[in-house]
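K.L.:
The structure is given below, and queries will be raised subsequently.
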Amino acid sequence: MTAAVAGEIRLGAVVGGSFVDIVRVDPSLPRTLVELIAAGESALAAARRAVVRVSELVESTQLPYGLVVPIDQVVVLSPIPRPKRNVFCVGRNYLRHAAEGARARGEEFKPPEYPEFFTKPPEAVVGTESKFTLSDSVTGKLDYEIELAIVIGKHGRDISRESASEHVFGYTLANDLSARDQQRRHGQWFRGKALDGSCPLGPVVVPHKDLDPAAISLQLRVNGETRQSTSTGDMTWGIADVVHWLSQGTSLEPGDVILTGTPEGVGNAMRPPTYLAPGDVVEAAADGIGLLRTHIVGSVT
Ligand code: MN
């Protein structure tokens, strides 16, 4: 987890509802998650040892002040607050979502033959509890999309499906906020997917070995009402396929983020279509990862 603790941005681990300042336990650890990822498996092992060391300190009541802070006393930031380059995204990776999109456009449904990719700019990335300012002049059709996100751990290109997991550091949760009117109007999807603050990401990155990415239950709620509820097992292209296809002739680097597509239940496909409005609270939740909450607010006129 990346958090602001007493005004300072710190890399930590979440243990039992508290933020554990692992860099204070072991000052040789990198200061940011992307640096920790780039430092390889030995750095992750050292971070895990720091967590164990803190548990020992807690038990021996020798805990220095500020090493363990209740989560509600820190400001949780996106685990990768500003990626080095665009966030990669897969479109239409759940068949029922691809079908509902075709129906909403009045088209016949044909499953995509290959994964479709687009990107969101680094400036789109924000953390949980962020406010998204909805401006009427920009979009009248803002929509949500809960997605499992891959965080790449190791440089690679032309990665085979068999070795894909070696290139994954871990997983987090994303909300691919989409301006449907812009998405349709401009032909390619980028325009409607690229708004500032349109990629809430977090709250934590869970290391690859601690989670089965094919069995994560995803739930998205708007003002408490469940809109999307699916397992990641329903993906058309799983993690290995996504890493394989995206890396054909394109290098993937430590800290790269890949959104893996959203399941059915988006507002655009509701009858009638129902878009996000000022005052809405959007909660994306995933077992083992946590809750990513976004507040939609109106622009000040
Ligand atoms: Mn999406």
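Just so you know, all these numbers are worked out from the coordinates, no wet-lab data involved. A quick note: this is a predicted structure, and the numbers were derived from the prediction, not measured. Using ideal geometry, Cβ is built from the backbone for each residue, glycine included, and neighbour counts are taken over all protein chains shown.
K.L.:
Tell me which residues come under 5 Å, amide H to amide H, from Ser78 once H is placed; ignore anything under 5 positions away on its chain.
P.N.:
Gly127, Thr128
K.L.:
For Arg185 and Arg49, compute 0.36 nm times the residue count separating them, minus their Cα-Cα distance, and round to one decimal in nm.
P.N.:
43.8 nm
K.L.:
A further question follows. With θ set to phi - 60°, apply the Karplus curve 6.51 cos²θ - 1.76 cosθ + 1.60 along the range 217-233 and write out the HN-Hα couplings as whole Hz, x wherever there is a Gly or Pro.
P.N.:
After applying 6.51 cos²θ - 1.76 cosθ + 1.60, I find 8, 9, 9, 10, 10, 10, 6, x, 8, 6, 10, 10, 7, 8, 9, 5, x Hz.
K.L.:
Moving on to the next point. If Lys and Arg each add +1 and Asp and Glu each add -1, what is the summed charge of the other residues whose beta carbon sits under 12 Å from the beta carbon of Trp245?
P.N.:
-3
K.L.:
Would you calculate a helix-derived [θ] at 222 nm for the chain, using -39,500 (n - 2.57) for each DSSP H run of n ≥ 4 and dividing by the full residue count, to the nearest 500?
P.N.:
-5000 deg cm²/dmol
K.L.:
In what sequence, highest mean first, do 57-70, 11-24 appear when ranked by Cβ atoms within 10 angstrom?
P.N.:
Put in order of decreasing packing, that is 11-24, 57-70.
K.L.:
In addition: Taking amide H positions as placed 1.01 Å from N in the peptide plane, with prolines and chain starts having none, which residues 5 or more places from Phe117, or on another chain, fall under 5 Å of its amide H?
P.N.:
The list, which skips near neighbours in sequence, is Gly91.
K.L.:
5 Å is the cut-off here: which amide hydrogens, built 1.01 Å from N in the peptide plane, fall below it relative to Thr133, excluding neighbours closer than 5 in sequence?
P.N.:
The answer is Val297.
K.L.:
On to the next question. Between Ala39 and Glu162, what is the spin-label point distance in nm, taking each point 7 Å from the Cα along the Cα→C-beta axis?
P.N.:
3.3
K.L.:
Per-residue HN-Hα couplings for the range 64-80, Karplus 6.51 cos²θ - 1.76 cosθ + 1.60 at θ = phi - 60°, whole Hz, x for Gly and Pro?
P.N.:
After applying 6.51 cos²θ - 1.76 cosθ + 1.60, I find x, 4, x, 6, 10, 10, x, 3, 6, 9, 10, 9, 6, 9, 4, x, 10 Hz.
K.L.:
Also, I was wondering about something else. Rounded to two decimals, what is the ratio between the C-alpha radius of gyration of the chain and 2.2 N^0.38 Å?
P.N.:
That ratio works out to 1.01.
K.L.:
In addition: List His295, His97 from most exposed to least, where exposure is judged by having the fewest other Cβ atoms within 10 Å.
P.N.:
His295, His97
K.L.:
Give me the one-decimal nm value for the distance between modelled label points at Glu113 and Asp26, 7 Å along each residue's Cα-to-Cβ direction.
P.N.:
Inter-label distance under the simple model: 4.9 nm.
K.L.:
Could you check the simple spin-label distance between Glu59 and Ser251, using points 7 Å along Cα→Cβ, in nm with one decimal?
P.N.:
4.5
K.L.:
Moving on to the next point. Taking 0.36 nm per residue of separation and subtracting the Cα-Cα distance, what length does fully extending Arg105 through Gln73 add?
P.N.:
Once the chain is fully extended between Arg105 and Gln73, it gains 7.0 nm.
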